1. Share of antiparallel DSSP beta bridges in the range 160-353, in percent to the nearest 5?
2. How far is the Cα center of the range 265-288 from the Cα center of the range 195-234, in Å?
3. How would you classify the range 160-353 from its alpha-carbon gyration tensor, with a ≥ b ≥ c the square roots of the eigenvalues: rounded for a/c under 1.5, else prolate if a/b is greater than b/c, otherwise oblate?
4. Which of 333, 241, 273 moves the most in a Gaussian network model of the chain with Cα springs under 10 Å?
5. Extension gain residue 340-residue 255, at 0.36 nm per residue separation less the Cα-Cα distance, in nm?
6. Pairs to check: 24/127; 133/329; 264/329; 24/96; 96/259; 77/127. Give those whose C-alpha atoms are more than 19 Å from each other in this structure.
7. If you count the DSSP beta bridges with both ends in the chain, what percent of them are antiparallel, to the nearest 5?
8. Under 14 Å Cα-Cα from residue 47, which aspartates and glutamates qualify once same-chain neighbours fewer than 8 residues away are excluded?
Amino acid sequence: MTGMDRVRVLVIDDSAFNRRTIVKMLEALPNVEVIGYACDGEEGLRKVIDLKPDLVTLDLEMPRMDGFTLLRIVMQKQPTPIIVVSSRSNDEDVFKALELGAVEFVPKPSARVSPVLMDIRDVLLEKVREVTKANLRTIIERRLPVAPPRRVERRAPETAASTPEKDFRMVVIGSSTGGPPALQAIFSSIQEPIPVGFAVAQHMPPDFTRAFADRLNRFSALEIREAVDGDVIRPGRVLIAPGGYNLEAFRRGDEVIVKVSEPKGHQRYIPSADVLFSSAATVFGSRLLGVVLTGMGNDGARGVQAVKDHGGMVLAEDEESCVVFGMPKEAIATGRVDAVVPLPMMCREILRRCRIVA
């Protein structure tokens, strides 16, 4: 499926009003054809099998068969790109759906913020454009059975005493579509404390990044948290940029702190990898490693050049393991990437470049 092909979409939602509204939004795209809709998970499953759509929009909370059950069955029997369009009744549900194989999610507006479903139109259409470029084979392989990450006892890095706060190595990561499962794969692989700091710019709407950080934190030896203004960057800590904001690094005496800042101008991708990478490059110089993971667009390309201009190193995820090979492709096109690495090997390569493993 490419961006030039006609995209056949199935809409699954138990609300007649929501179905009509989502269909209306989707039909605004010239290359989209809505081939049907379903009122619940059982009907949705039948239509996925019968109609073989290119893309499905899916509500999670439905009668008879919920969205999670449908996701499991579809990804086992007939893998199809799925965008979750659901209310924020439980933020954890979003990340559970992504783990089950959903490619993207769009939160329905809550009644206390805006009862108008049409408010999500621009976001939904942007996600549809992204997902039509998705690597379906990668989505399928992501669903292969794997051992669940084990909970770890968190303790201070044993090597921290020999690593002055101002000398530790720093890793900045940028990601978008397909990023949450990729980041979970990387951080859940770190089962021992390490003297390395991390900061992440994952394109994500406001109010979701705290639940995402909490989820990552449960399965890693690192301390993973949503960043707040003035947080100190230190070894063994991962700061996740808050959704809807940028994250910047600054030196304050012997410490490095972060600033949570409003996007400037008309930034398309937020939180911005370019902003994070560029600010960290001026602080950490040759001790900085930039990592560009799966995602649509060119966010990170300017940041990659800033990292290299200040003596740092850069890794990019390879095309075969990306859900969408947009951000890594643009990073590689700068000619400044040190290595192109498949996701299953990315954690080890990060640790190798940080001199944690040989």
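1. Values: 9 of 36 bridges.
Antiparallel bridges: around 25 percent, rounded to the nearest 5.
2. That distance is 16 Å.
3. Numbers: a/c = 1.18, a/b = 1.14, b/c = 1.03.
In terms of gyration-tensor shape, rounded.
4. 333
5. Values: separation 85, 0.36 × 85 = 30.60 nm, distance 3.16 nm.
Net length gain for the segment: 27.4 nm.
6. Numbers: 24/127 16 Å; 133/329 13 Å; 264/329 25 Å; 24/96 28 Å; 96/259 30 Å; 77/127 24 Å.
Going by Cα-Cα distance, 264/329; 24/96; 96/259; 77/127 fall outside the 19 Å limit.
7. Working: 9 of 53 bridges.
Close to 15 percent.
8. 13
Each value in this text was obtained by applying a stated rule to the coordinates, not by laboratory testing. Because the structure is predicted, anything quoted here is derived from the model rather than measured.
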